Amino acid sequence: MYHRPPGGGLEPNESPDHAVKRELKEELGISLTTIQSLGSIDHIWFWKGREVHERAWLFLADSSEHLHLKNGETPEILEADGDRFTTHWRSIHEIGESLPPICPSTLLEFLQPHLT
């Protein structure tokens, strides 16, 4: 088990900023209006016994328009294949040793300059 920001893959010829808006709308029903690009992280992880190389583009978004998030409600993720997963929304400041590792593993280090 691990923590991971919401998101997904890029469609052919799709920009990362369009992809994050599309993925959050499709999977969580959240419409993002304003996002701020923070850059990207390259990382390696293992899935089903094989090494996976991934680039994650990171964005800041304001969730104040979505009162259910502000009130602590956690939407389900609905995958394209119909699978559903429970989400757990927490402040980035709440991540500690008692929670599963965050993925990408360098995410907190990357975000440190933005955590004011």
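Details
- The gain in end-to-end length when the residue 17 to residue 43 segment is fully stretched comes to 7.4 nm, 0.36 nm per residue minus the alpha carbon separation.
- Computed on protein heavy atoms with a 1.4 Å probe, the accessible areas place 41, 77 in the order 77, 41, largest first.
- Between residue 69 and residue 87, the modelled label-to-label distance comes to 0.6 nm, taking each label 7 Å out from Cα in the direction of the beta carbon.
- Seen from residue 18, the other residues with C-beta closer than 14 Å to its C-beta sum to a net charge of -2, counting Lys and Arg as +1 and Asp and Glu as -1.
- Of 67, 107, 10, the order by accessible heavy-atom surface (1.4 Å probe, DNA, RNA and ligands excluded), from most exposed downward, is 67, 10, 107.
The values are calculated or read from the model by the stated rules, or taken from the named source; none is laboratory data. In this text, all values refer to a predicted model and were calculated from it rather than measured experimentally. In this analysis, Cβ positions are derived from the backbone assuming ideal geometry, glycine residues included, and neighbour counts consider all displayed protein chains. Each accessible area value is taken on the protein alone, full model and side chains, heavy atoms only, with ligands, DNA and RNA left out. Shrake-Rupley method; radii C 1.70, N 1.55, O 1.52, S 1.80 Å.
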